[in-house]
Amino acid sequence: MIFHIDANSFYASCERLFRPDLKGKPIAVLTNNDGIIIALSSECKALGFKRGDVFYKEKRRLDASGVAVFSSNYTLYADISSRLNLIYNRFAPDVELYSIDESFLYFPDYTNEDYSGLACEIRETVKTETGIPVSTGIAPTKTLAKLCNKLSKKREDVCEWAKLNQDEELNACPVGDIWGVGFSKAAFLRKNGISNALQLKRYPLEKAKKNLTVVGMRTVQELNGIPAIDRVEREVRQSIACSRSFSGPVLELEPILTALADYTQETVKRLRDGGLVCKFVSVYLMTSSYGEGERYSNAASAELPKHTSYLPDILGAAITLLKQIYRTGYRYRKVMICLFGIAKDNNPQGDLFEETADSEKREQIMKSFDFINNKYGRGTLHLGTHNMAKIDKSKKAPWLMQRNYLSPEYTTKLADIPRVH
């Protein structure tokens with residue numbers, strides 16, 4: 001069974017966490033350099049503002065409407081996302097980070113399992129431990145789980161596919177609202193008399209493959225309850241993660257560092273294979289939820305100076321984060337690294353003080369690194385964790401975005417921890 005969990009108005013909810021005065025008030029979050037509105041609270045949407053509105057054109061109306069405006073605080077959002085996924089990992093044997101605010105949780109198909117009750121427990125745990133409201137859809141396929149999540153948001157309750165009048169729900173769902181059906185496909189389907197999800201469910205597979213490609217055929221299969229989408233399929237993935245449970249409990253830092261270095265190298269390989277770069281690194285560390293020993297789980301995130309796929313920089317940040325969250329005396333069973341802020345490596349923003357020759361040298365090093373490992377096998381070349389751990393990471397990036405409405409980094413910066421009077 002698949003749970004799709006989505007944090008409600010995630011960016012706005014993160015900003016509201018440490019600002020109780022904003023409860024029930026409209027919030028708008030801006031893109032990098034305060035360009036356009038990228039996220040809104042439900043109260044802000046009710047005032048007529050939309051995602052994509054140009055900020056400077058709407059500034060007066062936002063002020064007049066009493067909207068609280070924030071610059072994107074990705075360090076805060078990534079850290080809260082890490083905490084959400086730590087909770088998900090405690091409940092689910094397998095978790096897929098679909099985006100910074102969405103995850104798929106995979107559970108075995110137990111005959112007598114109360115999935116709705118389990119989803120409610122996860123929701124209440126998330127609300128209690130993080131303060132973030134989430135919606136949950138439960139279904140046998142990812143497409144149906146996404147649909148159930150939409151219904152969950154409308155009904156403000158967990159939505160389980162098995163408990164619905166399924167054909168009635170599909171008949172009421174416009175075909176363009178189905179995950180995987182883009183604007184052009186929706187237009188084609190409507191032109192051919194298919195306007196809702198029930199009609200798409202009954203679309204012959206051979207026609208779906210011919211007219212909608214393999215992706216469309218898989219969507220039809222998923223609407224019929226047949227799992228067909230194994231991996232996230234998108235032009236640019238929003239996150240790349242790698243983790244494996246240890247074969248036995250690990251108490252010392254050194255083997256965890258070695259595992260983290262191995263996982264980081266694998267994650268960066270996936271990044272580079274897709275011609276991508278990342279901007280944020282998150283590291284998760286946890287003990288087993290079951291068995292002997294005291295339980296402990298934690299996560300930390302860091303923003304890199306610029307978008308990059310340079311392994312030493314990413315691994316260096318990951319090691320620093322691991323050392324921040326590692327505590328002695330625990331029996332660790334899992335470490336995970338996740339890269340966020342994924343973008344195409346077309347025209348990356350350069351470092352103001354970095355020589356072009358240095359940038360080219362780094363790229364040549366990584367190309368040689370990739371070539372040798374592709375030819376002679378994974379891990380033929382690798383980085384030494386101890387040497388990387390000694391690199392000084394204290395220098396601040398010289399290039400900073402314009403973020404005039406940036407909130408404090410409440411959870412990751414000591415100076416920004418809220419004061420309680």
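Okay, here's what the table says:
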item	result
Any hit, region 77-94, residues being under 16 Å from the mean Cα position of the chain (by Cα), in a helix (DSSP H, G or I), of a type in the set (Lys, Arg) and under 30 Å from Pro305 (Cα atoms)	yes
Qualifying residue in region 128-137 (condition: more than 15 Å from Asn8 (Cα to Cα) and either in contact (Cβ under 8 Å) with a residue 12 or more places away in the chain or assigned by TED's automatic domain parsing to the domain that holds Met286 (or both))	yes
Unique match (being crowded, with 21+ Cβ neighbours inside 10 Å and part of a helix (DSSP H, G or I)) among Leu189, Leu151	Leu189
Flag if Val95 is free of Cβ contacts under 8 Å to residues at least 40 places away in the same chain and either surrounded by 17 or more Cβ atoms within 10 Å (Cβ to Cβ) or β-branched (Val, Ile, Thr) (or both)	yes
Selection within region 38-56 - more than 25 Å from Leu151 (Cα to Cα) and either touching a Leu at 6+ places or on another chain (Cβ under 9 Å) or surrounded by 15 or more Cβ atoms within 10 Å (Cβ to Cβ) (or both)	Asp53, Phe55
Residue match in region 71-90 (condition: farther than 30 Å from Met286 by Cα and either in contact with a helix residue (DSSP H, G or I) (Cβ under 8 Å, 6 or more places away or on another chain) or surrounded by 21 or more Cβ atoms within 10 Å (Cβ to Cβ) (or both))	yes
All strands (runs of 3 or more DSSP E) inside region 3-74 with 1 or more residues being among the aromatic types (Phe, Trp, Tyr)	68-71
Yes/no for Val215 being without any contact (Cβ under 8 Å) to a residue 24 or more places away in the chain, outside any strand (DSSP E or B) and not assigned by TED's automatic domain parsing to the domain that holds Ala343	no
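The values are calculated or read from the model by the stated rules, or taken from the named source; none is laboratory data. Everything numeric in this text was worked out from a predicted model, so none of it was measured. Cβ sites come from the backbone with ideal geometry, for glycine too, and all protein chains shown count toward neighbours.
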